[in-house]
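Taking it in order: structure first as structure tokens, then the write-up.
Read the figures in this text as sums done on the coordinates, not as results from a lab. Quick caveat: nothing in here was measured; it's all calculated off a predicted structure. So basically every Cβ, Gly included, is an ideal-geometry build from the backbone, and we count neighbours across all protein chains shown.
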Amino acid sequence: MALINRITKLFRADLHAVLDNIEEPEQLLKQAIREMQQDLYATEDTIAHLQKSQRKIESRHSQLKQSMDKYPAELDLCFQSEEEDLARSLIKRQLETTQLRDHLASQNESIQQQIAELQSRRSEKQMQLESMQQKAELLIAEATVLQGDPLSPWDNPATSINTDEIEIAFLNEKQRRQ
């Protein structure tokens, strides 16, 4: 049973290694960056839509406030002319307007919270995107360097060592060991 498990693990490891070689890491990284950018654009669109809704609500709220300012004078006029039915109708509209204004204020507050949360997420996503773009640039730069020079830096020394340096290092080591 243990032998079968080990063979299965080896097969999976080989299969994953083959898949890793088939996939191009640079292309996968670029695709991940594109997806992050699309997500960031979608977040920005949502923020813009919410801000537009907020402006509409604020505009409607200010219109309601202006109409609320007119009610006291109209009510005074109704009471002076002893039009109680008209006064009741005005009071009803005043209460409805107050209720609608309060509802719009709570909607506005909710939208402000949503915008703040989305802006925070957008900032986080922007930082993640910038970080990923920097890493991608480094990886692509490393890949191009390695493709241009198949030898590792240790295989291709920049300096040459002459026999005199070897003899001096040999004598230093010999003296240190005595």
For region 2-147, whose charge dipole is built from +1 on Lys and Arg Cβ atoms and -1 on Asp and Glu Cβ atoms, the candidate among LEU28, ASN5, GLN126 with its Cα farthest towards the positive end is ASN5
Ascending count of other beta-carbon atoms within 10 Å, so fewest first, for SER160, SER131:
SER160, SER131
Would you tally the net charge around ALA48, using a Cβ to Cβ cut-off of less than 14 Å, leaving ALA48 out, and scoring K and R as +1, D and E as -1?
+2
Go through ALA116, GLN37, TYR71 and say which Cα lies farthest out towards the positive end of the charge dipole of region 2-147; charges sit on Cβ, +1 for Lys and Arg, -1 for Asp and Glu.
GLN37
Where nothing but the Cβ of Lys and Arg (+1) and of Asp and Glu (-1) is charged, how large is the charge dipole of region 2-147 around its Cα centre, in debye to the nearest 20?
360
Tell me, in nm to one decimal, what length is gained between ARG6 and LEU50 on full extension, where the rule is 0.36 nm per residue of separation less the Cα-Cα distance?
10.2 nm
Applying a 10 Å radius around every beta-carbon, put 132-138, 57-63, 166-172 in order of their mean neighbour count, most first.
57-63, 132-138, 166-172
How much net charge surrounds GLU58 when only the other residues with a Cβ under 15 Å from the Cβ of GLU58 are counted, with Lys and Arg +1 and Asp and Glu -1?
+4
